[in-house]
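The values are calculated or read from the model by the stated rules, or taken from the named source; none is laboratory data. Given the structure is predicted, the values throughout are model-derived calculations rather than measurements. Note: ideal-geometry Cβ built from the backbone for every residue, glycine included; neighbour counts use all protein chains shown.
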Amino acid sequence: MSHAILAIELSTPTGQLAVVRAGEVLYESAFTSNRSHNSMLYAPLAEALDAAGKALGLIVVGTGPGSYTGVRIGIAAAHGVALSRHVPVVGLPSIAALSDEPSYCVIGDARRGKFYTVHVSHGTLQDALELHDEAGLREWSARHAGEPCFTSDAVVPLALPGVVIAQPNAALLAHLAAKLNAQDVERLTAHALEPVYITEAFITTAKKK
């Protein structure tokens, strides 16, 4: 009997939960919060756990890149369920679940005049996130014209043509987790879950009076 997989995806203002078992979506829920997913997560989470029942065997959480706070809330919730239900929890990049296209590229705003790009193939990031300034991103976009390209930002960076806005999909994240074998799960659970970092934290210092 195959186990059920609970997916938690909170990297954007649209939070999503899904439960998938043997390729069938047993539960899906989406909600929007522009401040914090904390207050809106737990009712649908309880419903998702009811849908999974005793068959729950794995939890997957989207690790971004995206809202640092949202991803951390998702990780904390996943760990809480994992401890109470005695099941493993793994993290997968949220941007790997933007589309069911076999291969596509992702563009995102990294803030402070920087932008990131990465290629996704069959649910796996093919390389590290690459940072560009505005000119570099326009050049990169021109070189990859014609490829499926997505962003999870609210607006397309630099209004680049051909880029589609898409939200990470929790059900798709669960389907990706279903492809993991026992060795993959063991490898992923051997490391602490952390959000996908685009750049190092920018720390401001107080001005001298």
Filter result for the condition that a residue is in contact with a helix residue (DSSP H, G or I) (Cβ under 9 Å, 6 or more places away or on another chain) and modelled with pLDDT under 95, over Gly123, Gly146: Gly123
Single residue of the stretch 158-168 satisfying the filter (under 17 Å from Gly64 (Cα atoms) and in contact (Cβ under 8 Å) with a residue 40 or more places away in the chain) that is farthest from the chain's Cα centre (by Cα): Ala166
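Per-residue answers, yes or no, for (1) β-branched (Val, Ile, Thr); (2) under 20 Å from the mean Cα position of the chain (by Cα):
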{"residue": "Leu17", "(1), (2)": "no, yes"}
{"residue": "Gly23", "(1), (2)": "no, yes"}
{"residue": "Ala46", "(1), (2)": "no, no"}
{"residue": "Ile59", "(1), (2)": "yes, yes"}
{"residue": "Gly64", "(1), (2)": "no, yes"}
{"residue": "Ile73", "(1), (2)": "yes, yes"}
{"residue": "Ala76", "(1), (2)": "no, yes"}
Selected residue [surrounded by 13 or more Cβ atoms within 10 Å (Cβ to Cβ) and at pLDDT 90 or above] from Ala182, Ala174: Ala174
Flag for Ser84 being outside any loop (DSSP other than H, G, I, E, B) and either crowded, with 16+ Cβ neighbours inside 10 Å or in contact (Cβ under 8 Å) with a residue 12 or more places away in the chain (or both): no
Any pair with Cβ under 8 angstrom, 6 or more apart, that starts in the stretch 8-21 at a residue that is surrounded by fewer than 24 Cβ atoms within 10 Å (Cβ to Cβ) and ends at one that is in a strand (DSSP E or B): Pro13/Thr32; Thr14/Ala30; Thr14/Phe31; Thr14/Thr32; Arg21/Ala4; Arg21/Ile5
Some residue of the stretch 62-72 being on the phi > 0 side of the Ramachandran plot and either outside any strand (DSSP E or B) or not assigned by TED's automatic domain parsing to the domain that holds Pro13 (or both): yes
Positions within the stretch 139-156 being surrounded by 14 or more Cβ atoms within 10 Å (Cβ to Cβ) and either assigned by TED's automatic domain parsing to the domain that holds Thr14 or over 13 Å from His119 (Cα atoms) (or both), in sequence order: Ser152, Asp153, Val156
Residue match in the stretch 83-91 (condition: under 17 Å from Thr63 (Cα atoms) and in contact with a Gly (Cβ under 9 Å, 6 or more places away or on another chain)): yes
Matching residues in the stretch 110-127 - criterion: being free of Cβ contacts under 8 Å to residues at least 60 places away in the same chain, over 12 Å from Ser94 (Cα atoms), part of a strand (DSSP E or B) and under 16 Å from the mean Cα position of the chain (by Cα): Thr117, Val118, His119, Ser121
Unique match (being at positive phi and not in a loop (DSSP other than H, G, I, E, B)) among Leu137, Leu158, Leu188, Leu173: Leu158
Ser39 closer than 19 Å to Leu193 by Cα and not in a strand (DSSP E or B): no
